[in-house]
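Participant: Submitted below is the structure of interest, expressed as structure tokens.
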Amino acid sequence: MTKFSIEYNPYLVKCIFRKNGKVLSSNSKIGAKAGERLQIILGESVNWKGLLEEIAASCDDDVVEIQFRGRRIDFEDLKYVADLYNGNVKFSLAFDETADDADVISELDQLFDEIKEKNLPEFSGKSQSGKDIYTAYEEVKNGIFEVNVIATMSSGKSTLINSLLHTELLPSQNQACTATIAQIRDCDNMEEFEAECYAEDRNTVIYPRAVVTLDEMRKYNSDERVTYIDIEGNIPSIPNKKINLCLRDTPGPNFAGNIEHGKLTQKIIKETNAVVLYIMNLTQLETKNDDELLRDISSEMKRAGKQSRDRFIFVVNKCDELDGEKGETLDKILVSVRDYLSPFSRKSVFYIYTLFLYILSFYCYNH
Ligand SMILES: Nc1nc2c(ncn2[C@@H]2O[C@H](COP(=O)(O)OP(=O)(O)OP(=O)(O)O)[C@@H](O)[C@H]2O)c(=O)[nH]1
Ligand SMILES: [Mg+2]
């Protein structure tokens, strides 16, 4: 039996691979991947069959034990890929858990408390905007994690967000629907959703803060004076102590009622650091508008490098529309989605996210 080990540090984006105790150098095919994200290495890319296939090829053995050292969520991704593997090698997985995000943050908290107590002059400086290091740390830690949902019209943006909210709050229908920009801030202790509506200047209140349901949201969405809807309420399963999530539903950029919508989508793609969930409508993959948006995303990924590529996550939606009788299967569809996306950017990045996210989207729609 071959013993293979993977030690993964997601904060430094660093893997150490060992075969039978010996570290694989950067001259080896697997060792050369040491500086890439685990989720990317797990998937296929040009001249790379995915980590498990590559381990199988490098070990020349029927039985391989993989010892993984790292965070549980990363181990779960490895396990997911191992469960899908149907090659000739029998893999067994062992897990050695290291600190997770919560442990790291609590260690950082302690460290900051200690240096604050010592009143060290090295840490007494202020930034140009007048912030000291402690305020800046708190701001980053408690900052809002913004997720923008974008896509061409009727791809299922609002429906996906409703699924994440476990309730039908945002209007959705099979024609140009969302005309406003609604953002939902997670607030664990609220029992209902409350919303306030603003005009285009982001300042003039059109409807003051009130409890909302789908009916009020329909009214706000069809009122031409309303551009922004700020909503607060509990997004289930997302604890505030871990993350201050804000989901933002956007109108399709091709919404005929307002050319500003296209500009907003451009701004989200180019000018923010926020995460973008890009929803692809399986029943209508290759539209001109999709093409334009994907080109914009692709050039932003090229311009802003690695960090920017991680901002864009692709969701293949409406997977329930697959017609099994015509031989359409999820695997085949993923191949065609990959082929469709590959001219826009590197295959591997798109692949792993689409693979993972079609499952999320499928799950959300059906629950
Ligand atoms: N079969 C199927 N239909 C879906 C799915 N998601 C959304 N839909 C339907 O697709 C249509 C459009 O959904 P919306 O959520 O309004 O789409 P949108 O992207 O928010 O649309 P706009 O706001 O107009 O840009 C609605 O009729 C939904 O019921 C899905 O996963 N499967
Ligand atoms: Mg919508």
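Participant: How about segment 166-191: which of its residues are more than 8 Å from ligand 1 (Cβ to nearest atom) and among the hydroxyl-bearing types (S, T, Y)?
Facilitator: T167, T180
Participant: Let me ask you something else. Tally the residues that are modelled with pLDDT of 90 or more and under 20 Å from L282 (Cα atoms), restricting the search to segment 149-171.
Facilitator: 10
Participant: Within segment 144-174, track down each residue that is closer than 18 Å to E194 by Cα and in contact with a Ser or Thr (Cβ under 8 Å, 6 or more places away or on another chain).
Facilitator: Scanning segment 144-174 gives S158, N162, L169, L170, P171.
Participant: As an exercise: evaluate R295 against (1) modelled with pLDDT of 75 or more; (2) in contact with a strand residue (DSSP E or B) (Cβ under 9 Å, 6 or more places away or on another chain) and give the number of the one condition it does not meet.
Facilitator: Evaluating R295 over (1) modelled with pLDDT of 75 or more; (2) in contact with a strand residue (DSSP E or B) (Cβ under 9 Å, 6 or more places away or on another chain) leaves (2) as the failure.
Participant: Just to be sure, is F112 out of contact with any Asp or Glu (no Cβ under 7 Å at 6 or more places or on another chain) and at pLDDT 85 or above?
Facilitator: Yes, satisfied.
The values are calculated or read from the model by the stated rules, or taken from the named source; none is laboratory data. Keep in mind it's a predicted model, so treat the numbers as computed, not measured. Reconstructed Cβ throughout: ideal geometry from the backbone, glycine too, with neighbour counts over all protein chains shown.
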